[in-house]
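For reference, the structure discussed in these notes is given below.
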Amino acid sequence: QVQLVESGGGLVQAGGSLRLSCTASGPTFSNYGMGWFRQAPGKEREFVAAIHWSGGSTYYADSVKGRFTISRDTPKNTLYLQMNSLKPEDTAVYYCAAEYYSGSYYDTKNFGSWGQGTQVTVSS
């Protein structure tokens, strides 16, 4: 199983930026798709973004399209989420997910490994 460690969360004002990182260890990093999900208090975990194992295709939730960018650095075994123009409604715990092989990227059940989460808080 892949071990994932997220970092980069914090408190930022609306309109600001943050970059989340997720470092993976374990099975070959380049063999699986990865994604970011988030969970706000009292809400279900929701899809944010995903990236194909090759890095050639990316997918975004409508709510973040044009503001967030997902990328991966295979030599560093690291996944990133660049978040710009942040809004208070982006406040949540953000989770890195790995070991996606098939099915919908939007479905948490299609990811085999999860990080511990990192808090992102956007103040108005």
Report task. Restricting attention to the range 96-113, report how many residues are touching a strand residue (DSSP E or B) at 6+ places or on another chain (Cβ under 6 Å) and either more than 20 Å from Lys43 (Cα to Cα) or surrounded by fewer than 18 Cβ atoms within 10 Å (Cβ to Cβ) (or both). Result -> 7
Query raised in the report: Do we find that Gly10 is open to solvent by less than 50 Å² (accessible area, probe 1.4 Å) and not aromatic (Phe, Trp, Tyr) in this structure?
Result: yes
Requested in this report: Can you confirm whether the range 8-19 contains a residue that is farther than 20 Å from Tyr106 by Cα, charged (D, E, K, R) and not in a loop (DSSP other than H, G, I, E, B)?
Outcome: yes
Query - From the options Val64, Val93, residue that is β-branched (Val, Ile, Thr) and either open to solvent by less than 20 Å² (accessible area, probe 1.4 Å) or touching a His at 6+ places or on another chain (Cβ under 8 Å) (or both) - result: Val64
**Report entry** Identity of the residue in the range 112-124, in a strand (DSSP E or B) and at pLDDT 95 or above, that ends up nearest to Ser7 (Cα to Cα)
**Finding:** Thr118
Report summary line: Selection from the range 73-113 of residues touching a helix residue (DSSP H, G or I) at 6+ places or on another chain (Cβ under 8 Å) and among the charged types (D, E, K, R) yields none
Query - Ser54 open to solvent by 50 Å² or more (accessible area, probe 1.4 Å), touching a Ser or Thr at 6+ places or on another chain (Cβ under 9 Å) and touching a residue at least 60 places away in the same chain (Cβ under 8 Å) - result: no
Query raised in the report: Mind checking which residues of the range 99-110 are assigned to a strand (DSSP E or B) and either of a type in the set (Lys, Arg) or closer than 16 Å to Ser57 by Cβ (or both)?
Result: Tyr100
Report summary line: Matching residues in the range 21-36 (over 19 Å from Ser7 (Cα atoms) and either open to solvent by 40 Å² or more (accessible area, probe 1.4 Å) or of a type in the set (A, V, I, L, M) (or both)) number 3
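The values are calculated or read from the model by the stated rules, or taken from the named source; none is laboratory data. Quick caveat, the model's predicted, so the values are computed rather than measured. Cβ atoms come from the backbone with ideal geometry, glycine included; neighbour counts cover every protein chain shown. Remember, those area values only see protein heavy atoms, side chains included, never the ligands or the DNA or RNA. Shrake-Rupley method; radii C 1.70, N 1.55, O 1.52, S 1.80 Å.
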